Amino acid sequence: MSSSTLPSSDSPTIAFIGGGNMASAIAGGLLSHGLTPRQLLVVEPFAATREALKAGHGIDALPAADERLAAASLVIWAVKPQVFAEATQPVAPFTRQALHLSVAAGIPTDAIARWLGTERIVRAMPNTPALVGLGMTGLFARAGAQADDRRQVERVLAGTGQTLWVTEETQLDAVTALSGSGPAYVFYFLEAMAQAGQDMGLPAEQALQLALGTFVGAATLAQRSPEAPATLRERVTSKGGTTFAALESLRGSQVAEHFITAMKAAQARSAELGAEFGR
């Protein structure tokens, strides 16, 4: 995202409702690409979070919504699903002219449109690597969000990592299960690999370093290679060798099948959240 794509005015143009980790990640990306803190408006009820935004980004956050929101062309919703509906009530009167981007898990755009009184809505499912600019965000645009709106969302999220558009909103439940919750799966396997290293006699620090380096290296290789992950796996698996022994153990325990079942549980819970908090 070049600076030429960003607004030049020094008045608030992007508002955040909620100032937690994801809002901070997006705001940090915007600031690194040329916006000033005065161009960002944040509504955050918790004093400690407001103080963190001031210390980390120089942003003065508001404790409650007011008429200053009317200046925003884009409103980013970074609130917990269970408080989304309540949070829209003081905001909606000032923001019906704006494009709205929701990063709240599970809340369907039908509900958001009803609460806010607008059809210009994009829903996003980011993940925590956005905090270091390496996120993966799934996006869905409601019919009222035009091509220019989609491009604006892409520019705003460019500083957090990659984006990917889906054509059906229900597909965001799968995105949630795959990439939204995905970092937790990686951390889970990192824990297991590091523990195994310790069990086999390595110091804890070395075991973690080896596990981390392996994950980063393998993911980078898979990203850069034109070959499928299955082909890359086969290339390092000699029949009767050490890798073969490990993979046979994983197959015998049906790890892949259990892992797919776990991800489908995450998908189902995402849909349940939407039904529960999107009424």
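Values quoted throughout were computed directly from the atomic coordinates according to the rules given, and no laboratory measurement underlies them. Remember, it's a predicted structure, so these values are computed and weren't measured experimentally. Here the Cβ is made from the backbone with ideal geometry for all residues, glycine too, and neighbour counts use every protein chain on show.
Here's the list of aspartates and glutamates a cross-link from Lys264 could span, going by alpha-carbon distance under 15 Å and ignoring same-chain residues fewer than 8 apart: Asp173, Glu272. Between Ala230, Ala219, Ala124, the residue with the greatest mean-square fluctuation in the GNM of the chain (Cα pairs under 10 Å linked by springs) is Ala230.
Which peptide among 147-154, 233-240 comes first, and what is the full order, when sorted by highest mean count of other Cβ atoms within 10 Å? If you can, show how the numbers build up before the last one.
On the way: 147-154: 15.0, 233-240: 10.8.
Ranking the peptides 147-154, 233-240 by packing returns 147-154, 233-240.
To the nearest ten degrees, helix 47-57 and the longest principal axis of the Cα atoms of the chain are 80 degrees apart.
Between Arg38 and Glu234, what FRET efficiency follows from the Cβ-Cβ distance if R0 is 51 Å, with the result rounded to 0.05?
Details: r = 55 Å, r/R0 = 1.07.
So the FRET efficiency works out to roughly 0.40.
Sort Met125, Met200, Met263, Met136 by Cβ crowding within 10 Å, fewest neighbours at the top.
Lowest count first: Met200, Met263, Met136, Met125.
Classify the stretch 171-279: rounded, prolate or oblate, from the alpha-carbon gyration tensor (a ≥ b ≥ c, eigenvalue square roots; a/c under 1.5 rounded; otherwise prolate if a/b is larger than b/c)? Prolate.
Compared with the dominant principal axis of the Cα atoms in the chain, helix 21-32 is inclined by about 70°. Computed on the Cα atoms alone, the convex hull of the chain gives a volume of 152 cubic angstrom per residue. If R0 is 45 Å, what FRET efficiency do you get for Thr220 and Asp66 from their C-beta distance, rounded to 0.05? The calculated FRET efficiency here is 0.45. Note on the stretch 122-240: along the principal axes its Cα atoms extend 58, 30, 24 Å, ordered by decreasing extent.
Extension gain Ala246-Val166, at 0.36 nm per residue separation less the Cα-Cα distance, in nm? Don't skip to the answer; put the middle values down first.
Details: separation 80, 0.36 × 80 = 28.80 nm, distance 3.60 nm.
Separation in residues times 0.36 nm, less the Cα-Cα distance, equals 25.2 nm.
Remark: the Cα gyration tensor places the stretch 187-244 in the oblate category, a/c being 1.5 or greater and a/b not exceeding b/c. Cα-based radius of gyration for the stretch 232-279, normalised by 2.2 N^0.38 Å, reads 1.83. Within the listed set Ile59, Ile17, Ile107, the residue fluctuating most in the Gaussian network model of the chain (springs between alpha-carbon atoms under 10 angstrom) is Ile59.
The angle between the Cα long axis of helix 147-157 and the longest principal axis of the Cα atoms of the chain comes to about 60 degrees, rounded to the nearest 10.
Taking the Cα centre of the chain as origin and charging only Cβ (+1 Lys, Arg; -1 Asp, Glu), how large is the dipole, in debye to the nearest 20? Present the calculation step by step, with values, prior to reporting the outcome.
Values: 21 positive and 24 negative charges, 69 e Å.
That gives a dipole near 340 debye.
Between Arg150 and Gln209, how high is the FRET efficiency from 1/(1 + (r/R0)^6) when r is the Cβ-Cβ distance and R₀ = 45 Å? Nearest 0.05.
Values: r = 41 Å, r/R0 = 0.91.
Plugging the Cβ-Cβ distance into 1/(1 + (r/R0)^6) gives 0.65.
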